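Here the structure comes first, spelled out in structure tokens, and everything after it is commentary.
The values are calculated or read from the model by the stated rules, or taken from the named source; none is laboratory data. Just so it is clear, the structure is predicted and the values come from calculations on it, not from any experiment. Positions of Cβ are generated from backbone atoms using ideal geometry, with glycine treated the same way; all protein chains shown enter the neighbour counts.
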Amino acid sequence: MTETLQLQKVIDLLHVNDRFHICIHDISGFTQPELLTLRVETYIHSSLFCETAKKTAKGMKRCFACKTRAVNKAINTGQPYQGNCPMGLSETVVPIMDNEKTVGIIFIGNIMADREKAEKKIRHAAALTGVSEQELREMLPTLCSREDADYFMQLGLFLRDYIKLLIRQADYSKQEEHWAVQAAKRYIDSYFNKKITIGDIAAFYHINPTYLGRLFKKETGISIAEHLNILRVKKARKLLRTTGMPVIDVSMNVGFENVTYFNRIFKELEGMTPVLYRKSDKIK
């Protein structure tokens, strides 16, 4: 009997020698079993071009607003479709249905089907978001330039059917943490240095923000805001130890918009200010 390939392995094989990106957006916890577990870069829509587009707060907001709209459309219609992101890139969106409920969404993107159209969108988006147009243009060679839209639709439909097969085979009896808590942690871990709100996370995963906040606190013992601050301070500690970066730059680099607030949170968690922490670390 042929061994069933784990989902991440199948996605890796599909990615060979091409630059498109497959993202599996889990909104139900269907990827928790080992057969369906994915690497973070497959959960998060991430590519060199996209990360460049998210460098500014406005760029990040614009990108995730588009993704949230795409998620809502996929859930509301339950139908596959193809469209374009604000940067002019093409994307195929395929809902994954189980018992007539949308449990996840396949996104196949990082595709520049029309270079001229993409360049126009880039100019417009750069002007609106403050993202460097030059940097975005430098990322164009990292995009997939294949124009065959039907190929990506068929690829998405194949993945959808394979995932549904895996769901029927997977063991869901060993879920140690609620899927929404895992998803929130992944989001925070990936974008801790950006402006993050519980409302944004909840909308992204199509869940009530009040429920998400209560669930996160119940399962972890701390709030989402506290989890975010702990992670940011952890990242700040490393920068303070390994670089000569000024404290205000460290603060901004890990996502604190106000250095006074950064100093207060850092002292609450570490028992000393960032300046004293850096000095004490050098003494050691």
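Restricting to region 72-84, what's the tally of residues that are surrounded by fewer than 22 Cβ atoms within 10 Å (Cβ to Cβ) and touching a residue at least 24 places away in the same chain (Cβ under 8 Å)?
First, pick out the residues of region 72-84 that are surrounded by fewer than 22 Cβ atoms within 10 Å (Cβ to Cβ): 72-73, 75-84.
This time we only want the ones that are touching a residue at least 24 places away in the same chain (Cβ under 8 Å), so: 72, 75, 78, 80, 82, 84.
Qualifying residue count for the region: 6.
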statement: Scanning region 148-164 for residues that are among the aliphatic types (A, V, I, L, M) and farther than 12 Å from Phe30 by Cβ gives Ala149, Met153, Leu155, Leu157, Leu159
task: Can you tell me which residue within region 33-66, out of those that are more than 13 Å from the chain's Cα centre (by Cα) and among the β-branched types (Val, Ile, Thr), is farthest from Pro86 (Cα to Cα)?
output: Thr37
statement: For helices (runs of 4 or more DSSP H) lying entirely in region 244-284, having 1 or more residues that are closer than 21 Å to Tyr191 by Cα and more than 26 Å from the chain's Cα centre (by Cα) picks out 247-253, 259-270
Residues that are in contact with a strand residue (DSSP E or B) (Cβ under 9 Å, 6 or more places away or on another chain) and assigned to a loop (DSSP other than H, G, I, E, B), drawn from region 111-133: Met112, Ala113, Asp114
field: Index of the failed condition, Glu219 passing every other in (1) part of a helix (DSSP H, G or I); (2) modelled with pLDDT under 95; (3) of a type outside the set (Phe, Trp, Tyr)
entry: (2)
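Please pick out the residue among Phe204, Phe262 that is buried (at least 17 other Cβ atoms within 10 Å of the Cβ), more than 28 Å from Asn72 (Cβ to Cβ) and not assigned by TED's automatic domain parsing to the domain that holds Tyr43.
Details: Phe204 fails: more than 28 Å from Asn72 (Cβ to Cβ).
Only one candidate passes the filter, namely Phe262.
From the list Val181, Val250, Val275, Val233, pick out the single residue that is β-branched (Val, Ile, Thr) and farther than 27 Å from Ser46 by Cα. Explain how you work it out, then say what you get.
Numbers: Val181 fails: farther than 27 Å from Ser46 by Cα; Val250 fails: farther than 27 Å from Ser46 by Cα; Val233 fails: farther than 27 Å from Ser46 by Cα.
Of Val181, Val250, Val275, Val233, the one residue that is β-branched (Val, Ile, Thr) and farther than 27 Å from Ser46 by Cα is Val275.
Just to be sure, is Leu48 touching a residue at least 40 places away in the same chain (Cβ under 8 Å) and either closer than 30 Å to Asn253 by Cα or not charged (D, E, K, R) (or both)?
Numbers: touching a residue at least 40 places away in the same chain (Cβ under 8 Å): yes; either closer than 30 Å to Asn253 by Cα or not charged (D, E, K, R) (or both): yes.
Taking the combined requirement at face value, the residue satisfies it.
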message: Can you list residue pairs whose Cβ atoms sit under 8 Å apart, with the first residue in region 85-97 being in the same structural domain as Asp161 (by TED's automatic domain parsing) and farther than 20 Å from Lys121 by Cα and the second being in a loop (DSSP other than H, G, I, E, B) and of a type in the set (Phe, Trp, Tyr)? Count only pairs 6 or more apart in sequence or on different chains.
response: Ile96/Phe30
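Out of Ala149, Ala126, which single residue is in the same structural domain as Cys50 (by TED's automatic domain parsing), free of Cβ contacts under 8 Å to residues at least 24 places away in the same chain and either within 22 Å of the chain's Cα centre (by Cα) or under 20 Å from His45 (Cα atoms) (or both)? Lay out the reasoning, then the answer.
Values: Ala149 fails: free of Cβ contacts under 8 Å to residues at least 24 places away in the same chain.
Going through Ala149, Ala126 in turn, the sole match is Ala126.
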task: Among the residues of region 117-135, write down those that are charged (D, E, K, R) and more than 9 Å from Lys55 (Cβ to Cβ).
output: Lys117, Glu119, Lys120, Lys121, Arg123, Glu133
